Amino acid sequence: MNDDFWGEEPRRESRVDRTDKRKREKRDKRKKRGGGAAAMAAVLFLVVVLGGGGYFGYTKLESFMRPPDYDGKGTGEATIEVKEGDYTSAIAETLYKADVVKSSKAFIKAAEEEPKIQGVQPGFYKMRKQMSATAAVQLILDPAARAHILTIPEGLWAKEIYQKLSKESGIPLKQFKKIKAKNLGLPSYAKGNVEGYLFPGQYNLPPDASATELVKMMVDRFKEQIQKVDLKAGAKKHKMTPGEIITMASVIQAEASKPEDQAKVARVIYNRIKIGRNLEFDTPVMYAHGFRTIDVRDKHLLIDSPYNLYKHAGLPPGPISQPGMSAIEAALNPKPGPWIFFVAVDPVNQITEFGVTEEDFAKLKAKFNKWLEENPQP
């Protein structure tokens, strides 16, 4: 009979095959027992960690939920600095390093309850040592905690700024008078003259700074702010030097505090220089005298000084005040117009009027004289 018809006969299991099969079954049983043992070991390990080590885990959780904190309002004094761009976490770390709070986490947690913490401004703050986090949050939000804040308005003389710096910092005035210009980092076009280069604005005075460091801080602010304009190109456009632009800006600042008048005052200066007429401004004269008054008399105009622009043509030899950015921009971008004259007809309210002819000037001068009669000056 043909084997192909019936198909192949099933293969019989040999003795060798039966032996191999028994070995595989024993091996599989050992694997199952080993797996169960490993699982049991894992369970026992977790019991040890969660049971025997439970105290450790609880302590960690407790530290997170209730971070280390001092009690009370603290003692002594610690001055800390909040820098530009500092978030609550950075402030917390600063306070922790100064031993104001016991942990940065405690301050952060306390600050979560006070939305005003987002409004903390850069500057120096007088805090106390070892305060509770809550007390630290409340104190840093108190305006009285701000230390050594000084606002310098536009138009002041350098010597007036030195007086303010001395009063606020406690540094003797004589230390400011001894400052060497070479230590201030003045721009080259200042030619060693600090006048005009102490930028006005608000300053947070470091508590341990020297007189030189305080003044240099203002010079640095000037160099930072002047980057907002292309001073060199703007000066070249007007056939002037950068130093002359700052000098002009200082005169503009002294003569017209209102930004909307400054570009017109700049035009008066350019127009007068163009026609060869002396500027005849009072503020440079009084700068030469070293005191301020708006009641300038003929006797004041007799002073022999290059700052007496009644006698000398062109700009003064250097700045006569600290100009702000609006005055500097006005010097670079004077408003188009024919004006040759201007008079502060109401100095208190900063009202300045402009004229083109001598007749215009006579009328404006009469307005000012009337105001002066009604508001006599000391």
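Coordinate-derived values only; no laboratory data. Only a predicted model underlies this, so the values are computations on that prediction, with no experimental measurement involved. Methodologically, a virtual Cβ is constructed for each residue, glycine included, from the backbone with ideal geometry; neighbour enumeration extends over all protein chains shown.
Structural remarks
- Counted by Cβ distance under 15 Å from Pro317, the other residues give a net charge of -1, where Lys and Arg count +1 and Asp and Glu count -1.
- DSSP-assigned coil residues among trypsin sites (Lys or Arg not before Pro) in the stretch 226-278, each with at most 16 further Cβ atoms within 10 Å: Lys239, Arg277
- Applying a DSSP loop filter and a limit of 12 other Cβ atoms within 10 Å to the GluC sites (Glu not before Pro) in the stretch 65-115 leaves Glu84, Glu112, Glu113.
- Extension gain for Lys367 to Gln118 (0.36 nm times residue separation, less C-alpha to C-alpha distance): 84.6 nm.
- Both radii were evaluated on the Cα set of the stretch 75-146; the Rg over Rh quotient, with Rh as the Kirkwood radius, amounts to 0.90.
- Annotation for the stretch 241-308: chymotrypsin sites (Phe, Trp or Tyr not before Pro) lying in DSSP loop with at most 13 further Cβ atoms inside 10 Å of their Cβ are Phe291.
- Net charge of neighbours whose Cβ lies under 12 Å from the Cβ of Ala147, counting Lys and Arg as +1 and Asp and Glu as -1: -3
- Percent of C-alpha pairs per 5 Å bin, the stretch 230-374, short to long: 2, 10, 19, 24, 23, 14, 6, 2, 0, 0
- Label sites at Glu359 and Ala181, each approximated as a point 7 angstrom past Cα along Cα to Cβ, lie 4.7 nm apart.
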